[in-house]
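One structure is given here, and the rest of the page talks about it.
The values are calculated or read from the model by the stated rules, or taken from the named source; none is laboratory data. All figures in this text were calculated on a predicted structure; none of them were measured in a lab. All Cβ positions, glycine included, derive from the backbone under ideal geometry; neighbour counts span all protein chains shown. All accessible areas refer to the heavy atoms of the entire protein, side chains included, with ligands and DNA or RNA removed. Shrake-Rupley method; radii C 1.70, N 1.55, O 1.52, S 1.80 Å.
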Amino acid sequence: MASQGFPARRIAALLDVSESGYYAWRARTPSPRALRRAWLTRLILDIHRESGSTYGYRRVRQELCHRYGIDVSHTTVELIMKGAGIRGRAGRLYDQAPWEGARTPSRRWTVDVLALTTLLGPLYTAVVLDTASRCLIGWSTAATAHRGLVHHALMAAITRAAHAEPAAGTAHDSLLACSFTERADLLKCAPVRGTAGDWYDHAVVRSFWDTIHRELHGPSLWPDTHSLENRLGETFDRFTRQV
């Protein structure tokens, strides 16, 4: 209402809220949750457009999970689609491959999972790299390899990308392609229908891990996963701050 020219003081009095609270809310920066939701909205708009505006929330949710490894609830996808003013056509849900060639990707993320050895067992680390800039934009660690490991890394990458591009652009600016390395697939961390990385993606990943091993400067075999996880976090934080 204020954006349409109505006096903020009169609106605040009418709605029984404080005027100072309204201005504080207007100046507040978006939360990480709001930024992730904005990026999910852009991904959902992309998937819906690729389908020829036929996919409903169930098919869109399936594509998010199978193609990107992002696990969200049907309710969340349904609410986002409703808020964006889009809906699918009525019909049965088929587990079919997405329509390829709808666009030429302008951005590509590559996801890899590596098992780093310690005396108390492996520490599985998932990283998300932007192959265009060769920058680290998301990661997560766990004692076991599972698809949730990749999901957490992708959500961290989405949050970081959203902070880097605050509400700017349209759905064309969103993540257009996401590939997974052979190693992630062998560890069963890649989504069911995830795109396999090509030789360039694997070269970027190899170069990244070579750099990380040089940066760690630790023992040849770390004593436990906790100390390695802390050192990895410090190293990864330094890498992302340099972007």
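So here's what we get for this one:
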{"quantity": "Candidate set: the range 59-92, residues that are outside any helix (DSSP H, G or I) and under 15 Å from Asp46 (Cα atoms); chosen: the one least open to solvent (accessible area, probe 1.4 Å)", "calculated": "Ile70"}
{"quantity": "Subset of the range 26-85 [among the charged types (D, E, K, R), closer than 30 Å to Ser3 by Cβ and at pLDDT below 80]", "calculated": "Arg26, Arg28"}
{"quantity": "The range 16-51, subset open to solvent by 40 Å² or more (accessible area, probe 1.4 Å) and part of a loop (DSSP other than H, G, I, E, B), residue farthest from His151 (Cα to Cα)", "calculated": "Asp16"}
{"quantity": "Residue that is modelled with pLDDT of 90 or more, under 12 Å from the mean Cα position of the chain (by Cα), closer than 23 Å to Ser207 by Cβ and surrounded by 13 or more Cβ atoms within 10 Å (Cβ to Cβ), where the choices are Leu123, Leu129", "calculated": "Leu129"}
{"quantity": "Residue within the range 175-187 that is at pLDDT 90 or above, among the basic types (Lys, Arg) and over 15 Å from the mean Cα position of the chain (by Cα) present", "calculated": "yes"}
{"quantity": "Selection from the range 187-197 of residues that are under 15 Å from Val128 (Cα atoms) and either out of contact with any Lys or Arg (no Cβ under 7 Å at 6 or more places or on another chain) or open to solvent by 50 Å² or more (accessible area, probe 1.4 Å) (or both)", "calculated": "Ala190, Thr195, Ala196, Gly197"}
{"quantity": "Whichever residue in the range 200-227 is of a type in the set (Phe, Trp, Tyr) and modelled with pLDDT under 90 and, among such residues, is most open to solvent (accessible area, probe 1.4 Å)", "calculated": "Tyr200"}
{"quantity": "The lone exception for Gly85 - which of (1) at negative phi; (2) free of Cβ contacts under 8 Å to residues at least 24 places away in the same chain it fails", "calculated": "(1)"}
{"quantity": "First in the range 191-206 and part of a helix (DSSP H, G or I), second anywhere and among the small types (Gly, Ala, Ser) and open to solvent by less than 60 Å² (accessible area, probe 1.4 Å), Cβ under 8 Å, 6 or more apart", "calculated": "Asp201/Ser179; Val205/Gly197"}
